[in-house]
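The structure under discussion appears below in the form of C-alpha cells.
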Amino acid sequence: MSYLKFSYQDKKTPIHKLNPVITTVWVASVVILALLLDHPVFLALLFISTIPVVFAAKIHREWAIFVKLAFYLGIVIVIINSLASNSGSNILWQPGIHLPLLGEMVITMEALFYGFVMVIRLLAIISAFSIFTFTVHPDNMLMVMLKFKLPYRSAMMTALSTRFVPTLIEDAMRIKDAQQARGLDFDKGNIYERIKKRASIFTSLLSSSLERTIQIAESMEARAFGSCKQRTYFHQTRLDGVDRILLISHILILAVAIFSSIKGFIYFQFYPELNGFVLPVAGWIIIAAILILLLSITPLALLKKRAVN
Amino acid sequence: MIYLKNVTFQYNDASFAAIVNVNLNIDAGDFVLLTGTSGSGKSTLCRVLNGLVPHFYGGSISGEIEVSGCNPLEVSPGVMATKAGMVFQDPENQLVTSSVEREICFGMENLGLPRDEMARRLEEVLNTLSISHLRHRSINELSGGEKQLTAIASVLSTKPGVIILDEPTSELDPAGAKEVLGALKHLNVDHGLTIIIAEHRLEKIVPHANRIVVMNKGSIAIDGPTRHVLFGKYNELVNLGIGPPPLAELYKRFEDKGFIMNGRPLTVHEGVKCFGMVILKSKQAPNTDYACSQNSLAVELKQVSYTYPNGFCALNNIDLSIKHGEMLAIMGKNASGKTTLIKHLNKLLKPDQGDILINGQDLSSLSVKQVAGLVGMVFQNPNEHFFSDTAEDEIRFGLKNNGTGRDEISEKVDTIMSRFQLSLLRDKPPLSLSGGEKQRLALASVIATYPDLLVLDEPTRGLEEQKKAELMHLLDEYRRTGKTVVVVTHDVELVARFFNRVILMSQGRIVTDGETHAVLSQDLHFSTQINQLVQQFKYRGVPSSLLTANEVVCALP
C-alpha cells in the first residue's frame, strides 16, 4: 500500500548497507553542527552536503515530502519571527499596528534574515533525519541505541513503536472506512464538527491499541522477556577499518567545530546588525574541511560493499 | 507431561472463578484439542499451563500444577518459556521485531543464550518448519499464515516440551490455517512434541488430535480420545453449543436412521470407506432450482475496473447484477478482489472504469449520506463501527442522518434494540460491551436505517456455531422483506447451508457465478467436506451436488 513508503524500505543501496552506527553518527554530526553554528553560508552548505547522500540512497521521493513539509513550517517560522522579534536596527516596515502580547509591529531586516537562517537550519536537520529514518532498519536503530549503552527496555519500546506504525495506519484507514460507510461525512461541516468526527477515529484507535498492547506484552512475557540479566544479541555490529576511520573523522569534525565556535573563527551576528559574512581565512578552511569530511561518506560507502553481519 | 489437580482460578476483578476444579493429565506426545464456547475458560486454562496466569494477569489460584516437571506457580515466566511455549490468536499482536530472523531469536536472546547456540537453533527451527525462505523477510510483508508460522518458530527456538496455541487459526483464511495445522501435525508426528490447541471449530483439527477436552463454565465437561468424544458423546457436544464436524454429523444422522457403518471417520478419506455403502443409496438430487421472487435489480455493476495507486489491478472488468430479495455469498482466496468489490458498493472506492447502480441510481451522483441510506456495511471488527457515546446514540445516528422524524426515531430505536436484545445496554458506551454484544450493536446500527443493500465482510469469522446460526437467521429474515444481502466469507460450510447464490472471485475477476450447489460441487477448493465425500460416488449415480449432511440424508429413499 502507498503509506508503506513512508517507513524504512531496504533499497539495497550502499548507504542502506552502511553500518547503522556510522549512519547514526553521521546524522548526529549534521544535527549537532546545525545547532552549534550560526553562519548562514555554513548552514546552507551543510544542507547541500546532505543531498548527495539522499540521492545515493535513492530516497529522494520520500525526502522531498519531508523537505516540503519543513519548508511550509519554515514559512510559518519566518512570519512569526519577524513579528515577534524587533531587535534589529534596519526597519523595513512599521505600519503602526499594535499587536496583543507582542507590542508594536516592527519588521526589521535582521529579524527577517534570522527567520530565513532558521529555515535553512531546519532543512538541514530534517534532511539528516529523513536519511536516518529511511536508510536505517528499525531493528538496527535498536542495536545502535544499545551500542550507545541506552537501557535495553527503553530501546526495545522505541523499536516496538516503529514496528507498529504501519499496523496503526492500517487500523486508522479501516476505522475511517467503517465510519464513512455509516454515513459520517468527514469532509462536511464546520471545523469544530470535522475535528470531532476525526477524533472518533482516534477513540476507536486508542481502544484497539490498548488491547493490542496487552497482547504484545503477554507474548513478550511468554518468551522470557526481561527474565535474564545478561541478555544476549544474535545480531551484532562490528566496525571495520573504514568504519573506524569514519567514526574518528566525525569526532574530529565535532571537536573542530566546537573549537572554532569558541575561538570565533566561524561567527555570525544577527542583532542588532548582521555581521560576519566575512570570515577569517581559518574559518573558511575549517568550513571546507568539515564539509569534505561529511561528503566523504558517500564515496566511502560506495567503496565498501558490506552488509550488517 | 502435564498434571493438574483441583485447579481453581479467579481473576482479581471477577465475581466468579474462570476455571473451577480442573483435573487434567496430558501425556508427552499428545495432540490435544481443547474446545468450548467463548467464556468456557479454555483461554484461561492455556495461560495457567505456562504461568501467564497468575504471573501476568494476577488473581487467586489454588490446586496442584505440574508442567514438564515444573510448577508454573513457583518458577519465573522465563523458566516457563523453556517448558511450555505459547502461541496466541492474533498474528499481528505477538510479533515484536520487524524481521523473521530477529523474531525467532527474540526468545533465545531473552534467555541469554550464546550466539553460536542461537545460530544453530535458528537453522534447526527454520528447517523444521520449512520456512527458510522467509528468513530475511520483513514481518509486515508476511501473510497471516506465515506470521503464525514465525510465531511458532520463535516459541520453538526456546525448546519447550509442549506448545500451547490459543485459537491460532481463527484470524486466518483457510489457506493460512492449513499451513499452520500442517506444521503442527509435523511437529507432533515427526518430532513427538506435545501440542495443545484451543479452538471452537473442530473439523480442521480433529484429524490431527488424539484427544479432545471440552470445557464448559470453567470446568472440564468431556475428556477422551477423539473418536470417543466426537461420536460417543455427540449429543453432549451439541448441547454444549459446539458445532460438530460435518462427518460426525453425517455419522449421527445415518445412525439415527438405523444404518450400520464401517467405522467412525475423521477425514474425507476415511469417510469414503466408512459411509460408502450408505451413501450409494442416496439418489435424490437436492432442490437446486432457485428463482428469486422479485425481478427488479438492487445492484448492477457494468464493466467495473479498479487499480490501486501502487499499480495492483484489483478488479478487472466486473459485470454483476443482484436482484432484490437475494442473498449472495462472495468467495475467493486472499487478494482475489472481494473486499475491493464490496468497497465499491458504497463508494468507499470509486471505479476507474465502469458504472455502479444501486436501485437504478448511479452511485457517482450520490453523497456519502445518501449512499449510507441505501447501502449498509458491516465490517469484521465491530469496534471500528462505533463513534457515539452510548449504544442508543449509535443506533440513533443513522436514523437522524436519514432525516427520520423525531418521534419515529424513538419508536424505531426501541424496536431495533429489543429485536437485537440490546435494550438493557442502551446507556452503555459501545466499546465497553462484550464481543457478542458489540457484534449485535454493529449490525443493529446498520440495519436501523433499513438499507436496500446490506453488505457484510467476514461476519462469522471467529464466531461459534450457535451465534453463526443466529446471525444467519437475522440476515435471512431481513432478506425476506425484499432487501438484498451480500456476504463476503471464507466459510464454505456456512455458504452451503444458508446461501442460494455464490460468486467465486480470482485475480480481480468473477470466475463463477451461480446457484450454490452448482458452484460448490464443481470446485475442488471451495467445496464442503460432505461434497468431497459424495464426489467419490458420482460415477455410481449419487448426485454430485449434495453439499451438507442434511441433504445426503434427505437424498436417501
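The values are calculated or read from the model by the stated rules, or taken from the named source; none is laboratory data. None of the values given here were measured: they were computed from a predicted structure. Positions of Cβ are backbone-derived with ideal geometry, glycine not excepted, and every protein chain shown enters the neighbour counts. What goes into the accessible areas is simple: the full protein's heavy atoms, side chains included, and nothing from ligands, DNA or RNA. Shrake-Rupley method; radii C 1.70, N 1.55, O 1.52, S 1.80 Å.
Right, B:Asp427: under 29 Å from B:Asn295 (Cα atoms), acidic (Asp, Glu) and outside any helix (DSSP H, G or I) or not?
No, not satisfied.
Checking the conditions here, which among B:Val413, B:Val375 is touching a helix residue (DSSP H, G or I) at 6+ places or on another chain (Cβ under 7 Å) and within 14 Å of chain A (Cβ to nearest Cβ)?
Result: B:Val375 is the single residue among B:Val413, B:Val375 that is touching a helix residue (DSSP H, G or I) at 6+ places or on another chain (Cβ under 7 Å) and within 14 Å of chain A (Cβ to nearest Cβ).
How about segment B:496-528: which of its residues are within 15 Å of B:Pro174 (Cβ to Cβ), hydroxyl-bearing (Ser, Thr, Tyr) and in a loop (DSSP other than H, G, I, E, B)?
Once the filter is applied, which keeps residues that are within 15 Å of B:Pro174 (Cβ to Cβ), hydroxyl-bearing (Ser, Thr, Tyr) and in a loop (DSSP other than H, G, I, E, B), segment B:496-528 yields B:Ser527, B:Thr528.
Within the group B:Lys369, B:Lys343, B:Lys347, which residue is at the interface with chain A (Cβ under 10 Å from one of its Cβ atoms) and either open to solvent by less than 10 Å² (accessible area, probe 1.4 Å) or free of Cβ contacts under 8 Å to residues at least 24 places away in the same chain (or both)?
Matching residue, one of B:Lys369, B:Lys343, B:Lys347: B:Lys343.
Which of (1) closer than 30 Å to B:Ala84 by Cβ; (2) in a helix (DSSP H, G or I); (3) of a type in the set (Val, Ile, Thr) is the odd one out, the single condition A:Thr232 does not satisfy?
Every condition holds for A:Thr232 apart from (2).
A:Val144 versus (1) away from chain B (no Cβ under 11 Å); (2) within 30 Å of the chain's Cα centre (by Cα); (3) open to solvent by 60 Å² or more (accessible area, probe 1.4 Å): which is the lone unmet condition?
So the condition that A:Val144 fails would be (3).
May I ask you to list the residues in segment B:133-150 that are over 19 Å from the mean Cα position of the chain (by Cα) and open to solvent by less than 30 Å² (accessible area, probe 1.4 Å)?
Within segment B:133-150, B:Leu134, B:Ile139, B:Leu142, B:Thr150 qualify.
Under 6 Å between Cβ atoms, which residue pairs at least 6 apart in sequence (or on different chains) link something in segment B:384-402 that is more than 8 Å from chain A (Cβ to nearest Cβ) and of a type in the set (D, E, K, R) with a partner that is assigned to a loop (DSSP other than H, G, I, E, B) and surrounded by fewer than 22 Cβ atoms within 10 Å (Cβ to Cβ)?
B:Glu392/B:Arg426; B:Glu394/B:Ser388
Go over the candidates B:Ile330, B:Ile318 one by one and state the one that is assigned to a strand (DSSP E or B) and within 30 Å of B:Gln536 (Cα to Cα).
From the options B:Ile330, B:Ile318, the qualifying one is B:Ile330.
Every residue, every condition in (1) within 28 Å of A:Lys147 (Cα to Cα); (2) modelled with pLDDT of 90 or more, yes or no:
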residue: A:Leu33; (1), (2): yes, yes
residue: A:Leu46; (1), (2): yes, yes
residue: A:Leu73; (1), (2): no, yes
residue: A:Thr108; (1), (2): no, no
residue: A:Phe116; (1), (2): no, yes
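List, please: which pairs have Cβ atoms under 7 Å, are six or more places apart or on different chains, and start with a residue in segment A:83-98 that is free of Cβ contacts under 8 Å to residues at least 24 places away in the same chain and polar (S, T, N, Q) and end with one that is part of a loop (DSSP other than H, G, I, E, B) and surrounded by 11 or more Cβ atoms within 10 Å (Cβ to Cβ)?
Between residues of segment A:83-98 that are free of Cβ contacts under 8 Å to residues at least 24 places away in the same chain and polar (S, T, N, Q) and residues that are part of a loop (DSSP other than H, G, I, E, B) and surrounded by 11 or more Cβ atoms within 10 Å (Cβ to Cβ), the close pairs are A:Gln94/A:Val106.
Of all residues in segment B:8-33, which are assigned to a strand (DSSP E or B) and either within 28 Å of the chain's Cα centre (by Cα) or crowded, with 19+ Cβ neighbours inside 10 Å (or both)?
B:Phe9, B:Gln10, B:Ile19, B:Val20, B:Val22, B:Leu24, B:Ile26, B:Phe31, B:Val32, B:Leu33, listed by residue number.
Test A:Leu210 against the stated conditions and say whether it is within 14 Å of chain B (Cβ to nearest Cβ) and either assigned to a loop (DSSP other than H, G, I, E, B) or farther than 30 Å from A:Glu110 by Cα (or both).
Taking the combined requirement at face value, the residue satisfies it.
Per-residue answers, yes or no, for (1) of a type in the set (D, E, K, R); (2) touching a residue at least 40 places away in the same chain (Cβ under 8 Å); (3) closer than 21 Å to B:Ser418 by Cβ:
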position	(1), (2), (3)
B:Glu437	yes, no, yes
B:Leu441	no, yes, yes
B:Ala444	no, yes, yes
B:Tyr450	no, no, yes
B:Leu453	no, yes, no
B:Thr460	no, no, no
B:Glu464	yes, yes, no
B:Ala469	no, no, yes
B:Asp476	yes, yes, yes
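Working only within segment B:465-495, note down all residues that are among the hydrophobic types (A, V, I, L, M, F, W, C) and either buried (at least 19 other Cβ atoms within 10 Å of the Cβ) or in a loop (DSSP other than H, G, I, E, B) (or both).
B:Leu471, B:Met472, B:Leu475, B:Val485, B:Val486, B:Val487, B:Val488, B:Val492, B:Leu494, B:Val495
What number of residues within segment B:372-412 satisfy the criterion of being at pLDDT 90 or above, in a helix (DSSP H, G or I) and closer than 24 Å to A:Ile201 by Cα?
7
Pairs only if they're at least six apart or on different chains, beta carbon under 8 angstrom, first in segment B:277-288 and without any contact (Cβ under 8 Å) to a residue 40 or more places away in the chain, second open to solvent by 60 Å² or more (accessible area, probe 1.4 Å); list them, first residue then second.
B:Met277/B:Asn262
Condition test on B:Gly85, is it on the phi < 0 side of the Ramachandran plot, within 11 Å of chain A (Cβ to nearest Cβ) and in contact with a strand residue (DSSP E or B) (Cβ under 7 Å, 6 or more places away or on another chain)?
The answer is yes for B:Gly85.
Within segment A:149-164, is even one residue part of a loop (DSSP other than H, G, I, E, B), in contact (Cβ under 8 Å) with a residue 12 or more places away in the chain and either open to solvent by 50 Å² or more (accessible area, probe 1.4 Å) or out of contact with any Gly (no Cβ under 6 Å at 6 or more places or on another chain) (or both)?
Yes - at least one qualifying residue is present in segment A:149-164.
Just need a number here: residues in segment B:286-332 that are modelled with pLDDT under 90 and within 29 Å of the chain's Cα centre (by Cα).
Qualifying residue count for the region: 4.
Is it the case that segment B:19-35 has a residue that's within 9 Å of another protein chain (Cβ to nearest Cβ) and hydrophobic (A, V, I, L, M, F, W, C)?
No, segment B:19-35 has no match at all.
Out of the residues in segment A:218-255 that are within 30 Å of A:Ile266 (Cα to Cα) and open to solvent by 50 Å² or more (accessible area, probe 1.4 Å), which is farthest from the other protein chains (Cβ to nearest Cβ)?
A:Ala255
Where in segment A:1-120 are there helices (runs of 4 or more DSSP H), lying wholly inside it, with at least 1 residues that are of a type in the set (Ser, Thr, Tyr)?
Answer list for segment A:1-120: A:20-36, A:40-56, A:60-84.
Of the numbered conditions (1) modelled with pLDDT under 90; (2) part of a helix (DSSP H, G or I); (3) open to solvent by 60 Å² or more (accessible area, probe 1.4 Å), A:Lys188 fails exactly one; give the number of that condition.
(2)
Only one residue in B:Pro72, B:Pro54 is open to solvent by less than 40 Å² (accessible area, probe 1.4 Å) and either facing chain A (nearest Cβ under 9 Å) or not in a helix (DSSP H, G or I) (or both). Which one?
B:Pro72
If I ask for residues that are part of a helix (DSSP H, G or I) and either open to solvent by less than 10 Å² (accessible area, probe 1.4 Å) or within 10 Å of chain A (Cβ to nearest Cβ) (or both), which ones from segment B:151-169 would you list?
Once the filter is applied, which keeps residues that are part of a helix (DSSP H, G or I) and either open to solvent by less than 10 Å² (accessible area, probe 1.4 Å) or within 10 Å of chain A (Cβ to nearest Cβ) (or both), segment B:151-169 yields B:Ala151, B:Ile152, B:Ala153, B:Ser154, B:Val155.
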